[in-house]
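Peer 1: Before I ask anything, let me first share the structure, which is written out below as structure tokens.
The values are calculated or read from the model by the stated rules, or taken from the named source; none is laboratory data. If you're wondering where the values come from, they're calculated on a predicted model, not measured in any experiment. Side chains are part of the model used for accessible areas, which takes the heavy atoms of the whole protein and leaves out ligands, DNA and RNA. Shrake-Rupley method; radii C 1.70, N 1.55, O 1.52, S 1.80 Å.
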Amino acid sequence: GHLRHLTSDSLRALLVQEGFVVKDLHRKGFPFFNLYRLAVWFAGRRVIEQAAQPVAAMPWSARAMLRLFWFLFRFNTRRVGPGWQLRALAEVPPMKGV
């Protein structure tokens with residue numbers, strides 16, 4: 001799991017604090033990543049236990065769900081929407097005097 005979840009503002013601040021220049025930052029993953037997260041949340045501990053197994057050892061229902069979402073993720077919006085994922089493009093600033 002995550003140690004903490006970042007907002008757009010906190011991710012931008014963290015990148016700037018570490019010396020990066022933020023070129024782009026936006027939400028993504030709508031609608032199917034949001035749906036996936038809800039499915040994982042509802043399934044609870046069972047999903048964590050199944051994810052620790054090799055795919056071949058997972059129940060057929062878990063494998064089917066993974067395949068379904070793998071397919072659906074292709075149809076997420078690219079740069080707009082209320083996605084729950086954040087994507088940042090940042091770079092190290094050029095060195096001065098070089």
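Peer 1: Can you pull out the residues in segment 14-38 that are open to solvent by less than 40 Å² (accessible area, probe 1.4 Å) and aromatic (Phe, Trp, Tyr)?
Peer 2: The answer is Phe33, and nothing else.
Peer 1: Name every residue in segment 39-50 that is within 19 Å of the chain's Cα centre (by Cα) and open to solvent by 70 Å² or more (accessible area, probe 1.4 Å), in order of residue number. Step through it out loud before you land on a result.
Peer 2: Step one: list which residues in segment 39-50 are within 19 Å of the chain's Cα centre (by Cα), which gives 39-44, 47-48.
Scanning segment 39-50 gives Trp41, Phe42, Ile48.
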